[in-house]
């Protein structure tokens, strides 16, 4: 959890402009704001000009050898994903992973990552529209078609389009802490975190529920120190628990239980980073029955013990 600084993004021919823009925005140099000074470099199969889906032509000065220099390697989406990747790019990605880099693919960039064999036996996601094709082409991969991203340690895959924001913020949060991820999210005006298991799309893009969720969510966030049930939330909207749960998921893509779990863990992260409160006191403030339950949930969901998380990130806030 030492954090990455050097980022190399692989840009395929017929590259996706949105994918390029998301990587550039999340990993922009914000060192003047006290945030990590990320060094983002672009590379492609051979130095030269690549075209994007919007007709733009970009000059990329680095070739595949640049992948060997990135702490984090990003495989960006492009329209050529159905074609078999060349042996040179496959070897370069495998070499980057073998020397210790984190390798992350966005959207159909997962096709390239899967072709290296690094996804065999692992969970992975891609754009939901291509999930069935992806599963047929790479039967050894455990495809998670509804997930926003799938974290397998140094191998991470993300879903399509603007879910790249969720993927990249998750990586920043995991490696640099929630304070850094939240600061970037505030600057680009997006939600600071969505759980990877959340659906890629919601049933009702613009729900007809009015503002029924805003007051109940605000109330829940102000009362995380107490037990909260779906019935408690439903009662505040004058709905039955079943109706409330259905409309909540239609509007957010998440169940009320999952949303509450995420909010508690997010507050745990914030308190670990920004305070010296004991684990017992943090557990009380966020509504866990005991410090033991907090430790178990945090380890399960974040992959690290709370005290280790605090040691890694508390000095980086501010």
Looking for whichever is surrounded by 13 or more Cβ atoms within 10 Å (Cβ to Cβ) and farther than 29 Å from residue 152 by Cα here; the options are 276, 250, 232. Which one fits? 232
Return yes when residue 105 is crowded, with 24+ Cβ neighbours inside 10 Å, assigned to a strand (DSSP E or B) and in the same structural domain as residue 139 (by TED's automatic domain parsing) and no when it is not. yes
In the stretch 279-289, residue surrounded by the most Cβ atoms within 10 Å (Cβ to Cβ) [restricted to those that are in contact with a helix residue (DSSP H, G or I) (Cβ under 7 Å, 6 or more places away or on another chain) and outside any helix (DSSP H, G or I)]: 288
Working carefully through the options 209, 252, 243, find the one that is in contact with a helix residue (DSSP H, G or I) (Cβ under 8 Å, 6 or more places away or on another chain), in the same structural domain as residue 295 (by TED's automatic domain parsing) and at pLDDT 90 or above. 243
With the structure loaded, tell me whether residue 135 is buried (at least 19 other Cβ atoms within 10 Å of the Cβ) and at negative phi or whether it fails that test. no
Quick one: which residue in 78, 86, 63, 19 is over 22 Å from residue 162 (Cα atoms) and surrounded by 15 or more Cβ atoms within 10 Å (Cβ to Cβ)? 63
Any chance residue 110 is under 26 Å from residue 25 (Cβ atoms), assigned to a strand (DSSP E or B) and modelled with pLDDT of 95 or more: no
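This table checks each residue for (1) within 18 Å of residue 313 (Cα to Cα); (2) under 10 Å from the mean Cα position of the chain (by Cα); (3) in contact (Cβ under 8 Å) with a residue 12 or more places away in the chain; (4) crowded, with 24+ Cβ neighbours inside 10 Å.
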site: 146; (1), (2), (3), (4): no, no, yes, no
site: 159; (1), (2), (3), (4): no, yes, yes, yes
site: 178; (1), (2), (3), (4): yes, no, yes, yes
site: 181; (1), (2), (3), (4): yes, no, yes, no
Determine, yes or no, whether residue 112 is surrounded by 15 or more Cβ atoms within 10 Å (Cβ to Cβ) and either touching a residue at least 24 places away in the same chain (Cβ under 8 Å) or not assigned by TED's automatic domain parsing to the domain that holds residue 151 (or both). yes
Give just the number: which of (1) out of contact with any helix residue (DSSP H, G or I) (no Cβ under 6 Å at 6 or more places or on another chain); (2) in contact (Cβ under 8 Å) with a residue 12 or more places away in the chain does residue 292 not satisfy? (2)
Any residue at all in the stretch 185-200 that is under 23 Å from residue 103 (Cα atoms) and at pLDDT 85 or above? yes
Looking at the stretch 24-48, which of its residues are crowded, with 21+ Cβ neighbours inside 10 Å and assigned to a helix (DSSP H, G or I)? 26
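The values are calculated or read from the model by the stated rules, or taken from the named source; none is laboratory data. Since the structure is predicted, the reported quantities are computational estimates derived from the model, not experimental observations. Cβ: placed from backbone, ideal geometry, glycine included. Neighbour counts: every protein chain shown.
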